[in-house]
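The values are calculated or read from the model by the stated rules, or taken from the named source; none is laboratory data. This is a predicted model, so every value here is computed, not measured. FYI the Cβ positions are ideal-geometry reconstructions off the backbone, even for glycines, and counts take in every protein chain you see. Ligands, DNA and RNA are excluded from the accessible area calculation, which covers all protein heavy atoms including side chains. Shrake-Rupley method; radii C 1.70, N 1.55, O 1.52, S 1.80 Å.
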Amino acid sequence: NSDLSQQAPTPSALLLRAEERDRKLELRAMHVMSVLCRGPMFDFASSFGERGYLRTLLLDAIMYDVAEVRRYCQVAFESLLRHNPATFGLVTWMVDLCYSSPHAAVRQTAFMALSQVATDEKHRAMFDGAQLLAVSLFMLGDADVVMRTQALRVLQMTDVAGHLESSIPALYQDEQEEVALRLAVSNAHQTANVFTELTSALLYAMSENKQNILRTLLPWLGQMNLVAPGSLVGLAGGPSATSCAAGVVFGTLMFIHGTFFDQLDMTPAWIALAQGGRRLDLLLSFLIFVGSSQPSLKVRLCIKRIVAGLAKTYTDATLNLLLAHLRASAPMQDARAQDSLITTSSTGVSGIGGPLPAGPSASLGAAAGHSVAQAMASNSASASAAAASASAP
């Protein structure tokens, strides 16, 4: 027995010991790194720029997918947020990770750090309310129940009316839609800001996350008070603090629809924007104007799909309004314009064209249409920047 105990360890045993020693060393290094993040950051660009050393280290470590390593990375994120409240871009970078990272571990680690700091009353002021509201609603659709619970905790903090319950049902996407609707009603003053946050996220989010973002956006579209560009008076009359220029909203959605025509079904967004048919005339006027003034085939295909979706949802109202537009239109000067007016099929309306008719909703639709070029140009620049950002790790 004494001879056996003095035998040299086998190569496999030595390898296991070396791996265990390396693992402990890695964990100690990550612990030290998380401690070193408890202080001010002097150069955000070199730390968290496209090739920033700290950004690369943290993201690579999280994707290592070891629970202890992820915990240290989350602590590092939290420490950076707490000790650098005035650092421009740090919060936005972590929010962007929640939408755009292809790795669930990265999204979840970033959101857990954001939510832990946001729910701390001492640091709550560093967060933009609409930004936090939008990303929490998005994470409420995450498959991980821990993420959904944390997201609901953040949303309850923003729900001053106290209407949100603390339970998370099995059908979490239904809960996400219900919570989004309640918050859209109780936080009407945030409508325009949440719209901006979520539509921006749609431009650079991963393909599998886009439908989740769109589902979160729908209740806010239904609450929008759409008015003519530059006006502060709603369609029903009277001032509105939550009014949104129709041209900006329509133009932004049209740009997203055209950009992700084959990836994302935007029809529910246009149906929500019709607001139960109350804004259907304004929406159709806008679509007719854009269809008659835009030579782009993709734009016309978008319009065809939108009108078909509206006709399926609001069949009688859509067809009656289209016929009213046709009757009010000036006489066509050539056969080509006559042919482009309206064609129908078994699935609904398949094409629209011709000049914009007269009338109050038509004039608002025309004003909205005139704003589309500016909105789409602005969004095109945002999309280019977002694409560059999304291509980074």
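Quick notes
- All positions within the range 51-62 that are modelled with pLDDT of 85 or more and open to solvent by 80 Å² or more (accessible area, probe 1.4 Å): D60
- Filtered residues of the range 290-330 (kept if more than 23 Å from L264 (Cα to Cα) and small (G, A, S)): S292, S293, A317, A324, A328, S329, A330
- Filter result for T92 (open to solvent by 10 Å² or more (accessible area, probe 1.4 Å) and within 23 Å of R153 (Cα to Cα)): yes
- Residues that are outside any helix (DSSP H, G or I) and under 13 Å from A134 (Cβ atoms) within the range 172-214 comprise N187, A205, listed in sequence order.
Residues are listed down the side, and each one gets a yes or a no for (1) modelled with pLDDT of 90 or more; (2) in a helix (DSSP H, G or I); (3) surrounded by 19 or more Cβ atoms within 10 Å (Cβ to Cβ):
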position	(1), (2), (3)
F88	no, no, no
Q108	yes, yes, yes
F111	yes, yes, yes
A125	no, yes, no
F138	yes, yes, yes
A143	no, no, no
I168	no, no, no
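- Whichever residue in the range 187-214 is in contact with a Leu (Cβ under 9 Å, 6 or more places away or on another chain) and open to solvent by 40 Å² or more (accessible area, probe 1.4 Å) and, among such residues, is farthest from M94 (Cα to Cα): Q211
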